[in-house]
Amino acid sequence: MKKQKQTEEGTFKYSQESKDKMKKKKFYITTPIYYINDVPHIGHAYTTVIADILARWHRLKEEDVFLIVGTDENSQKTVQSSIKLGFNTPQKYADYMSEKWKETWKKLNISNDDFIRTTEERHTKLVLDFTEKVNKKKDIYKGTYSGLYCEGCEAFVTESDLNAEGLCPLHLKKPKEIQEENYFFKLSKYQNQLLRAINEKNLVHPESRKNEIINFIKQGLRDISISRQSLVWGIKFPKDEHHRFYVWFDALTNYLHPKDYWPADLQIVGKDIIKFHCIIWPAMLMSAGYKIPKKVFAHGFFTVNGQKMSKSLGNSIDPIELANKYGVDALRYYYAREIPFGNDGDFSEEQLKNRLNNELANELGNLVSRTLTIIEKNLSSEIKKDKSDKELFKNLDIKQIDKFMLDLEPHNAIAAIFHFIHSCNQYVNKKEPWKIKDKKELNKVLYNLTDAIRIISILIQPFLPETSEKIIKQLSLKENEIKLENALPGLLKDIKIKKGEILFKKIEDEGDFQNIKESDNKETILNLKVAIINKVEDHHSADKLYVLQVDLGTEKKQIVSGLKNYYKKEDLIGKSVVVLSNLKPSTLRGIRSDGMLLAADYGEKLVVLEAPKSKAGDQVFIQENIKPNKEEITIDQFLKIKIKIKNKKAICENKILHTIKEDITADIEDGASVK
Ligand code: MSP
């Protein structure tokens, strides 16, 4: 009896154990949550695409993967941008912008499992719960802080962070001297614990960043302020109405949302925010009694023509435009292949195009197309299972590719996959299947090539999901066959192929490229006119808005505009400005606005576009011979059009905006963007 019981227990234990073994390995990966003061540029998309590639790789290994992305909405920048763009409330603006970010990730095929918005109720609750835990540890106290504060970074900075001119090197702005009573978090208390964790647990990657963080901590950590008094936006501090959370304490907490998945296995960040993620964040977690992340990886930055890319400098490139022009997979491929993950790099559209033509189209596209064409022609689209040819697969080392991915070297992994693709093309050249008369021999060569293509379709899935899917369809594979375990030669059964359209279109001549024509047409959607400002009044309920009465020659319009912080009323009256006259009317805080006054924005400056020699109602042209649009457009359509300032002139798609008398001007720095 006793024995039987033991056996039963034993059996139970065993089955429990084997169940646990069968339980999928967890892989929780995060990206930073992005500020919503602008739409995504190719730098943000880089972080997100690489995180997505890594997440998809782990899914290919049948792990329990969770990828989160999101938007950081409680920042002061949200308020500033909502006013500039004339939204009724910061929340409305946040709702609008978070959609833009969601749309971008959808377009780029990001397979996120959640999208965190920090204005969501669930987030406020999480931040308050978290703060209570830290408070219980007695790690929060009230104190006075005075220091240099960069609004762009939303952080206090030290003299040593600034450039020779005393400006923040990232935002090119002079930090403000701030003194106020704040709540503080006892960061200094965690100095030794942090050093131990970084050394023993190998938190920071790559190695060079680890040294940077260790040196920084060793210089001595100061407590950090986690609340502000002057804010009108953001999560309210518990039990103290006058304070709101300083955005970083709130933002970092977002990573705890998928609580069953914490600790994160990998947190991907840009090198600009590594101190927040490798010092403040782990200390916050230690205080609140959570585990720290297993790994934080900081990658490098993209520059454009050697220049730092930033929202305030106005030189950002829209990833959607690139995806529309070259295809989503070409952009994803470029990101993974071009720059060793961790390094900085200069973005080059030319190089993206070269890689699309020479590697995607000439190597991968060509291999699939020539193989399937011969099968279609010479074997009536049917392939029978055959013996594997070692010669073909000797250039494929799956273990090595997997190791590259686990070591966070996606550039090496994709290079190895393309090395195999290249060797498959060489195999075709050597075997010359079009010359093989014997059907059996032909089947063997083509079976092996098709099997290689099947394996390739698995391996490229994380990098080129759209292309992988196209190949899978052509080989009639099933979705559940797409896993790394199946990336072994010889698993292909008898199949009937369904040859599809070519995988990649080469870009030879930009002139006949449809999307370029489309972008030319974009200019025609605007109807810009010169307007003279006749009257300026305060908005009755919004302290940053003016209500303007403007004269457009044949008609008069009322426009609500966020100029109050930048212009005195008397300085605006009589000015010849530029108005977007075909914008759909809207109501801003209860007052109707029939258009939009164009202004250029650079850091803290906002300057209206002017045409002093022109008459009220004069047409503003972007290109000659194009009739201005009479139809109404939405703010969405307008925001897609980029107008920038160069040499004090307004430029759109390399052309100067002008009336018949003069060019449109704005007295502001190069790169300022018009909104
Ligand atoms: N909201 C904070 C992050 C909070 S995370 C709890 C923030 N947002 S951000 O919109 O400024 O985005 C920062 C991230 O965008 C960088 O860390 C980096 O991952 C990415 N990049 C922004 N510009 C980039 C380049 N030029 N190149 C590469 N990545 C870039 O900071």
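The values are calculated or read from the model by the stated rules, or taken from the named source; none is laboratory data. Since we're looking at a predicted model, the values are computed, not measured. Quick reminder, even Gly has a Cβ in these numbers, built from the backbone with ideal geometry, and neighbours come from all protein chains shown. Note: areas computed on protein heavy atoms with side chains; ligands, DNA, RNA excluded. Shrake-Rupley method; radii C 1.70, N 1.55, O 1.52, S 1.80 Å.
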Given (1) under 22 Å from I83 (Cβ atoms); (2) in contact with an Asp or Glu (Cβ under 8 Å, 6 or more places away or on another chain), index of the condition G590 fails: (2)
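Residues checked against (1) closer than 19 Å to T144 by Cα; (2) more than 14 Å from the ligand (Cβ to nearest atom); (3) basic (K, R):
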{"position": "F245", "(1), (2), (3)": "yes, no, no"}
{"position": "W248", "(1), (2), (3)": "yes, no, no"}
{"position": "Y255", "(1), (2), (3)": "no, no, no"}
{"position": "W262", "(1), (2), (3)": "no, yes, no"}
{"position": "I268", "(1), (2), (3)": "no, no, no"}
{"position": "H277", "(1), (2), (3)": "no, no, no"}
Just checking, does region 388-397 include any residue being closer than 28 Å to A51 by Cα and among the hydrophobic types (A, V, I, L, M, F, W, C)? yes
Within region 302-351, take every residue that is acidic (D, E) and in contact (Cβ under 8 Å) with a residue 24 or more places away in the chain and give me the one that is least open to solvent (accessible area, probe 1.4 Å). D329
Test of understanding: among G562, G590, G553, which residue is touching a Leu at 6+ places or on another chain (Cβ under 8 Å) and not acidic (D, E)? G562
Taking region 537-582 only, how many residues are in a strand (DSSP E or B) and surrounded by fewer than 18 Cβ atoms within 10 Å (Cβ to Cβ)? 5
Given the conditions (1) open to solvent by less than 70 Å² (accessible area, probe 1.4 Å); (2) modelled with pLDDT of 90 or more, report the number of the one that K174 does not fulfil. (1)
Of S208, S287, which residue is surrounded by fewer than 21 Cβ atoms within 10 Å (Cβ to Cβ), of a type in the set (G, A, S) and farther than 25 Å from D64 by Cα? S208
N395 being at pLDDT below 95 and surrounded by fewer than 21 Cβ atoms within 10 Å (Cβ to Cβ): yes
Do any helices (runs of 4 or more DSSP H) lying entirely in region 30-139 carry at least 3 residues that are closer than 27 Å to I401 by Cβ and within 13 Å of the ligand (Cβ to nearest atom), and which ones are they? 42-60
If the Cβ limit is 9 Å and pairs must be 6+ apart or interchain, which residue in region 639-654 that is assigned by TED's automatic domain parsing to the domain that holds I622 and surrounded by 14 or more Cβ atoms within 10 Å (Cβ to Cβ) pairs with which residue that is at pLDDT below 90 and among the aromatic types (F, W, Y)? I645/Y602
Note down all Cβ pairs under 8 Å where the first residue falls in region 35-46 and is at pLDDT 95 or above and among the charged types (D, E, K, R), the second is more than 8 Å from the ligand (Cβ to nearest atom) and open to solvent by 20 Å² or more (accessible area, probe 1.4 Å), and they're at least six residues apart or on different chains. none
Let me spell it out: the conditions are (1) over 40 Å from the mean Cα position of the chain (by Cα); (2) at pLDDT 95 or above; (3) surrounded by fewer than 21 Cβ atoms within 10 Å (Cβ to Cβ), and H419 meets all of them except one. Which number is the exception? (1)
Quick check on region 253-265: of everything there that is assigned to a loop (DSSP other than H, G, I, E, B) and touching a strand residue (DSSP E or B) at 6+ places or on another chain (Cβ under 6 Å), which residue is nearest to D64 (Cα to Cα)? Y261
Would you mind finding the one in D272, D250, D240 that is open to solvent by less than 40 Å² (accessible area, probe 1.4 Å) and assigned to a helix (DSSP H, G or I)? D250
The helices (runs of 4 or more DSSP H) lying entirely within region 284-395 that contain at least 2 residues which are under 21 Å from the mean Cα position of the chain (by Cα) are 319-326, 328-338, 349-355
Show the residue pairs meeting these rules: Cβ distance below 6 Å; 6+ apart or different chains; first residue within region 226-242 and assigned by TED's automatic domain parsing to the domain that holds I280 and without any contact (Cβ under 8 Å) to a residue 40 or more places away in the chain; second residue open to solvent by 50 Å² or more (accessible area, probe 1.4 Å) and of a type outside the set (G, A, S). H242/Q229
Restrict the check to region 75-90 and report whether at least one residue is open to solvent by less than 30 Å² (accessible area, probe 1.4 Å) and over 28 Å from V674 (Cβ atoms). no
